[in-house]
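Structure first, commentary second.
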Amino acid sequence: MAIVISADEIKKTLPNYAPEKAEMFHRESAKLADRDFADKLKEASFKKAILLCGGAASGKTEFLATHLMNLKSCLIFDATLSTEEGASIKLKKISKSKAKQIIYAVVPDDLKRAFVAFLHRDRKFSDSHFYKTHSGSRRTLLWIAKNCSDVEINIVESSYVKHRKLQFSKLKFDNRRLLISYLTDLQLDETGIIDKLI
């Protein structure tokens, strides 16, 4: 069974936390998650270390629960990975630990659907959090694809089927050049994200 580090789970342990105040606890829980991830990499020898990537409410945690939890000797960091700096620091720590560096990026097939899910979650954040994480995670993913050739990148598309069941489809790319082309086309700044929601 994989070991999972999640800032959202850490939030629940913080004094005075309530889901409707989730944004107020985000920075503190993210720092604690980063520290926990670094400590776990030092404490144990994992064969794989997976960084999840994708905007808020894209289906990352659901994908983790249904597709990654049973991996052995694996450490998983459940976060948006919305900054290049944060990704770079984590990848360096994984590399130092000798674990295989793997990214699973979950991209919603429909941003409007993801935004509706975001608005209806128990954990409340401002709308700008949605725009920033979807724009930032796409930018970070492209940066990793261009600059970190030793990192395995997996793209998973999330979509809803009948009875509002979330399903996942792994996209295949014959080479890194085609992956970079796909990720280049996927780029949207925050204004572009907002435009997709109108």
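General remarks:
- Relative compactness, the stretch 1-134, computed as alpha-carbon Rg over 2.2 N^0.38 Å: 1.03
- Simple spin-label estimate for Asp36 and His163 gives 3.2 nm between the two label positions (7 Å along the Cα-to-Cβ direction from each Cα).
- Derived from the Cα gyration tensor, the three semi-axes of the equivalent ellipsoid of the stretch 50-198 are 24, 18, 15 Å, largest first.
- Charge dipole (debye, nearest 20) of the chain; +1 at Cβ of Lys and Arg, -1 at Cβ of Asp and Glu: 580
- For the stretch 35-87, the dipole from Cβ point charges (+1 on Lys and Arg, -1 on Asp and Glu) about the Cα centre works out to 280 debye, to the nearest 20.
- The alpha-carbon of Lys165 sits under 20 angstrom from the alpha-carbons of these lysines, leaving out residues fewer than 8 places away in its chain: Lys60, Lys112.
- Of the DSSP H helices in the chain, those whose Cα atoms cover at least 27 Å axially and whose Kyte score averages -1.0 or more: 127-147
- Share antiparallel - DSSP beta bridges, the chain, percent rounded to 5: 25
- Centroid-to-centroid separation of the stretch 123-168 and the stretch 1-77 [C-alpha atoms, Å]: 15
- Karplus (6.51, -1.76, 1.60) ³J(HN,Hα), θ = phi - 60°, over the stretch 104-110, in Hz, Gly and Pro reported as x: 10, 9, 9, 10, x, 6, 9
Only the coordinates and a few stated rules stand behind these numbers; no lab work does. Please read all numbers here as calculations on a predicted model, not as lab measurements. Cβ atoms come from the backbone with ideal geometry, glycine included; neighbour counts cover every protein chain shown.
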